[in-house]
Amino acid sequence: MHLDVPSLMLPLGLGYLLFAWQLVLVRRRLAADRALALWTKGCVFLLAGMVGLLSRLVLPEWLSIVVGNPLVLCGMLYFTQAVYLLVGKGPVPRWITALVVASALATPVLLAWPMSVRSMIFSVVLMLLSGALSLHVFRHAWHAESTMRAVALTMLMLSVAHALRALQAGLVPDQYLNFFQSSLGQGIVVLLAFLALLGSGVGFVMASLERTAKNMEFLASHDALTGCLNRRSFDPLFSHEVARSRRSAEPLALLLLDLDHFKQVNDLHGHRSGDLVLQAFARRVQGRLRSADVFARLGGEEFAVLLPSTDLAGAQHVADALCRAVAENPAQLPGGRPFALTVSLGLAMFEPGPANAGPAERGAHSGATAQVSPELLYMRADQALYEAKRQGRNRVAVWREQPLAFEDLVVSA
């Protein structure tokens, strides 16, 4: 049984051309996606290489080889760069680039060698390139976007296909006397290679779109400058935590934080310096919170922290630690200039009844707690923050329920 290689390459090549065209159209809609741009370039170079190899039907064989092989190698290099950029685990290893360059430069030299030897060498190079790419995805992106698994598996299939072609060219050189020679082995290898390229291309495009969707979702729920949650995401989480604390009878602490004299940063040093100060402040706060805590930027220089399952003593300890951390670590402005920064905090508690209280006392406390809405808790924390500002800033003020009073915790700079 024989498979006619040109008859296989024509429909498969047309199918890959259609895929590449669709990819170009998608690329226009995702102009900022550099990884997808690299993959598109790889498709273009690969198609150009295929056309170059097929051009031996009308052009001299040596010319089609000198043009086609380097273009195919460049296409594989672009595929590799695209995957490394999407996965984000460092640049492409130098040995891969060196292998592509060396193989492209060696193409004219190998023209004097038999077709079977050239096929074996070229297949080994492509096996190494696709195998390295597949291994990289297996190691670093298998548990990221699920569609990257398709890229790993199809590139592995491509590597196996080229390994089989190299093995066959070495064992049965008579089937590689001509590029268009019909044989079962070469036909199967060509078919597997095209299917692998199509499968990996579809998988990569889906992974790029999945990554773009995740980035858009992140940008919709997080503050672009500081990376913490934005007000739009914080409000439903706040309501959810209040409801959960009410059901589980666990305490919940709300901290409102406001940077002191922040307007002076923008007025004296510019808005770029103000952005750096906000970013440094957010990093300090995030570094001192638990994974279960919620940290959000409400707007401007005002932030909020939710501390689930945290009693008053624990919340005061966290607030004091945050206040000290900001005061003791000046922000760095452009040029390395330090800028002394302080923060004022308002603390309000949502607390269930004490465990050792009697039934009547617990019932009364439970009824009072049930009346505390997220809006009321926020208002109390805001009142405490105002009190901290009024008392001189760089301190923590705690809202007390009955009688209405504030506990002032001064933190020295």
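Annotations for the structure displayed:
- Between Ala220, Ala292, the distinction of being loosely packed, with under 13 Cβ neighbours inside 10 Å, at pLDDT 90 or above and either assigned by TED's automatic domain parsing to the domain that holds Glu145 or not aromatic (Phe, Trp, Tyr) (or both) belongs to Ala292 only.
- Some residue of segment 183-196 being assigned to a helix (DSSP H, G or I), over 23 Å from Cys43 (Cα atoms) and without any contact (Cβ under 8 Å) to a residue 12 or more places away in the chain: no
- Failed item, numbered, when Ser245 is tested on (1) hydroxyl-bearing (Ser, Thr, Tyr); (2) at pLDDT 90 or above; (3) assigned by TED's automatic domain parsing to the domain that holds Leu85: (3)
- Single condition Asp311 does not satisfy, out of (1) out of contact with any strand residue (DSSP E or B) (no Cβ under 7 Å at 6 or more places or on another chain); (2) modelled with pLDDT under 90: (2)
- Filtering segment 126-150 to residues that are over 16 Å from Ala196 (Cα atoms) and not in a helix (DSSP H, G or I) leaves Ala141, Trp142, His143, Ala144, Glu145, Ser146.
- Looking across segment 358-413, the residues that are touching a helix residue (DSSP H, G or I) at 6+ places or on another chain (Cβ under 9 Å), modelled with pLDDT of 90 or more and aliphatic (A, V, I, L, M) come down to Leu377, Val396, Ala397, Val398.
- The set of residues from segment 255-273 being closer than 27 Å to Leu377 by Cα, out of contact with any Phe, Trp or Tyr (no Cβ under 7 Å at 6 or more places or on another chain) and among the hydrophobic types (A, V, I, L, M, F, W, C) comprises Leu255, Leu256, Phe262.
- Residue match in segment 311-333 (condition: farther than 23 Å from Lys389 by Cα, in contact (Cβ under 8 Å) with a residue 12 or more places away in the chain, surrounded by fewer than 17 Cβ atoms within 10 Å (Cβ to Cβ) and over 26 Å from the mean Cα position of the chain (by Cα)): yes
- Among the criteria (1) under 15 Å from Arg395 (Cα atoms); (2) surrounded by fewer than 17 Cβ atoms within 10 Å (Cβ to Cβ); (3) in contact (Cβ under 8 Å) with a residue 24 or more places away in the chain, the one Val343 does not fulfil is (2).
- Residue list for segment 100-110, restricted to those being surrounded by fewer than 14 Cβ atoms within 10 Å (Cβ to Cβ) and not small (Gly, Ala, Ser): Leu105, Pro108, Val109
For every residue, the table says whether it meets (1) closer than 30 Å to Asn215 by Cβ; (2) surrounded by 19 or more Cβ atoms within 10 Å (Cβ to Cβ); (3) within 39 Å of the chain's Cα centre (by Cα).
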| position | (1), (2), (3) |
| --- | --- |
| Leu86 | yes, yes, yes |
| Ala98 | no, no, yes |
| Phe122 | no, yes, yes |
| Val125 | no, yes, yes |
| Leu129 | yes, yes, yes |
| Ser134 | yes, yes, yes |
| Ser159 | no, yes, yes |
| Tyr176 | no, yes, no |
| Gly187 | no, yes, no |
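- Considering residues of segment 26-52 that are modelled with pLDDT of 80 or more and surrounded by fewer than 20 Cβ atoms within 10 Å (Cβ to Cβ) only, the residue farthest from the chain's Cα centre (by Cα): Val51
The values are calculated or read from the model by the stated rules, or taken from the named source; none is laboratory data. As the structure is a computational prediction, the values presented were derived from the model and not from experiment. Because the Cβ atoms are built from the backbone with ideal geometry, glycine has one as well, and the counts that use them run over all protein chains shown.
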